[in-house]
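Written below as C-alpha cells is the structure these notes are about.
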C-alpha cells in the first residue's frame, strides 16, 4: 500500500482506528445481555428446605447472531442472480426494478435493514417463548420481584425482549452497512425529487464510498469475532474445571488454586 501510494498514511491510520473501534463495538454488544432477576421461594420437600435463592435470566442483545443477516442477504441476492438472464435484460421495466435494488441503491439499503430487523424478531420468537418461560418459572416457585407470576411476568419479559431485540437489529444493520459504505457508498443522488440537492451538497465519500477494496464488517467480521470469543470462553471454562482462575481481566492472571 505504501509502494503504490493508493492510500496515504493518514487514510491508513483512520482505517486502522476504525477497524479497532468496530471490533471493540462488536465485542461490547456480543457480550451485552439483559439480566432479569429471578427469586425462588422456599419450599419444604420431606425434611429438606429447598429454594430461597436469587438468580437471573440472561437475555442476549444479539441472540440471533449472523442468522438474520444471512437470511436478508440471501433474499436480496436472488434478484441480482436472475438479472443476468437474457429474458430479464430484454425487459426494460424489469431491468429498472432490479437496478433499483442493486447494492448501494437507497431501496436496497431500506430493504436490507428492514429484512434484518424482521428476521431478528422472527428468530427470537422461535427460540424463546415468554409464555412458556413464565409458566416454567411459576411451576418451580420462581418469580420476578415486583411482577405478578403468570401473564404479567410473560408481558414483562416480552417487553424487555422486544426492546433489546430492536437494539440488536439496529446494531446488525449498522455493522452490515459498513462494507457497502466503504466500497460503494449509498447512492442517495438517485432518490427522486431530492436527488439533485443531495448530489450537490452531500460529501462524495457517502455517495461513492471510500474506494476501500476489501470487506471489513458484516457477517465476516461478526463470525471471526464471535468464534474468537467462543474459543476464549471454552478455554476459560476448561481452566476453571481444572482448578484455575482463567485469564480474563476479572479473574486476573492464570494461576493454580493450590499454588
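All of the numbers you see were taken from the coordinates with simple rules; none came from a lab. Quick caveat, the model's predicted, so the values are computed rather than measured. Every residue, glycine among them, receives a Cβ derived from its backbone with ideal geometry; neighbour counts consider all protein chains shown.
Take the Kirkwood radius over Cα pairs of the range 133-186, plug it into Stokes-Einstein at 4 °C and 1.567 mPa s, and you get 95 µm²/s for translational diffusion.
Restricting the calculation to Cα atoms, the range 35-216 yields a radius of gyration followed by a Dmax of 24.0, 82 Å.
In this simple spin-label model, placing a label point 7 Å from the Cα along the Cα-to-Cβ direction at both residue 129 and residue 238 gives a separation of 3.7 nm.
Return 40, 171 ranked ascending by Cβ neighbour count within 10 Å, so the fewest neighbours appear first.
Working: 40 16, 171 21.
Neighbour counts put them in this order, fewest first: 40, 171.
Inter-label distance, residue 77 to residue 197: 3.8 nm, where each label sits 7 Å from its Cα along the C-beta direction. Listed from fewest to most Cβ neighbours within 10 Å, the set 202, 176 follows the order 202, 176.
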